[in-house]
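The structure appears right after this line, and notes come after that.
The values are calculated or read from the model by the stated rules, or taken from the named source; none is laboratory data. Predicted model, so just to flag it, every value in this text is computed and none were measured. All Cβ positions, even for glycine, are placed from backbone atoms using ideal geometry, and neighbour counts span all protein chains on display. We work out accessible area using only protein heavy atoms, side chains counted, and drop any ligands, DNA or RNA first. Shrake-Rupley method; radii C 1.70, N 1.55, O 1.52, S 1.80 Å.
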Amino acid sequence: MGFHTFSIDRADDLEETDRYRFGSREELLSALAPGGEEVVADVGSGTGFYTDEFAPYVGRMYAVDVQAEMHDRYREKGVPDNVEFVTAEASSLPFEDDELDAAVSTMTYHEFASDAAIAELARVIRPGGRVVTLDWSRDGTGTDGPPVDERFGLADAVEAFEAAGFRTVDAATRFETFLHTAVR
Ligand SMILES: C[S@@+](CC[C@H](N)C(=O)[O-])C[C@H]1O[C@@H](n2cnc3c(N)ncnc32)[C@H](O)[C@@H]1O
């Protein structure tokens, strides 16, 4: 089960550009490998800090967040034309079976991770589609991000996605984070 939901009171922190120290547009786009027409969900999109980085390279982007207030903060900032808001729990996504080409999630896996949420991703992502997960690693130092005991390790993500029918195609633990790419 995931840990605490990120507080709306700290939404400004999500717009700090020093966050690129922990995950760059470059590496996230390389992992997603979009062709330009994909339908992609950003699960736990927050203020859209990373959603904005993906949107120019895909067909449609769903910004999915359980907190409607996060969408409000994103709206205040300005939203790309191809981004649509969805207020929903990761474990109950309002998409048809196989509707999505891909999903991405940045710094949120530790908040939504559960068998139900990963099964839901397996349901809505088409065969051959992918999920890119960047999150704080349990093997990190804890000097930034959530406490280490509220994080998962890369092996936890690999096991969870593979149990739900995904195949891991890329996986790395770095200094403070892990990056995992799985194909359904
Ligand atoms: C730490 S923030 C990261 C936001 C964004 N991905 C980023 O990197 O800037 C986590 C976000 O995930 C959302 N969230 C947490 N649990 C969720 C769940 N179970 N389903 C959907 N969204 C969730 C929170 O509301 C919050 O906006």
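Summary of values
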| item | result |
| --- | --- |
| Helices (runs of 4 or more DSSP H) fully within the range 83-184 counting 2 or more residues that are open to solvent by 40 Å² or more (accessible area, probe 1.4 Å) and more than 18 Å from Ser24 (Cβ to Cβ) | 115-124, 154-163 |
| Test result for Ala163, without any contact (Cβ under 8 Å) to a residue 60 or more places away in the chain and touching a strand residue (DSSP E or B) at 6+ places or on another chain (Cβ under 8 Å) | no |
| Top-ranked residue in the range 62-82 [being part of a loop (DSSP other than H, G, I, E, B) and not hydrophobic (A, V, I, L, M, F, W, C); ranked as surrounded by the most Cβ atoms within 10 Å (Cβ to Cβ)] | Gln67 |
| Flag for Thr17 being of a type in the set (Val, Ile, Thr), within 13 Å of the ligand (Cβ to nearest atom) and open to solvent by 40 Å² or more (accessible area, probe 1.4 Å) | yes |
| Selection within the range 73-106 - of a type outside the set (A, V, I, L, M, F, W, C), more than 13 Å from the ligand (Cβ to nearest atom) and either at pLDDT below 95 or within 18 Å of Tyr50 (Cβ to Cβ) (or both) | Arg75, Glu76, Gly78, Pro80, Asp81, Asn82, Glu84, Asp101 |
| Given (1) over 21 Å from Thr47 (Cα atoms); (2) in contact with a strand residue (DSSP E or B) (Cβ under 9 Å, 6 or more places away or on another chain); (3) free of Cβ contacts under 8 Å to residues at least 60 places away in the same chain; (4) within 14 Å of the ligand (Cβ to nearest atom), index of the condition Ala68 fails | (1) |
| Filter result (surrounded by fewer than 23 Cβ atoms within 10 Å (Cβ to Cβ), under 18 Å from Leu14 (Cβ atoms) and either of a type in the set (Ser, Thr, Tyr) or away from the ligand (no atom under 12 Å from the Cβ) (or both)) within the range 49-61 | Ala55 |
| Selection within the range 24-48 - small (Gly, Ala, Ser), surrounded by fewer than 19 Cβ atoms within 10 Å (Cβ to Cβ) and assigned to a loop (DSSP other than H, G, I, E, B) | Ser24, Ala33, Gly35, Gly36 |
| Contacts under 6 angstrom Cβ, first residue in the range 102-120 being over 16 Å from Ser137 (Cα atoms), partner part of a loop (DSSP other than H, G, I, E, B) and more than 8 Å from the ligand (Cβ to nearest atom), 6 or more apart | Ala102/Glu38; Ser114/Met1; Ile118/Ala164; Ala119/Ala164; Glu120/Leu93 |
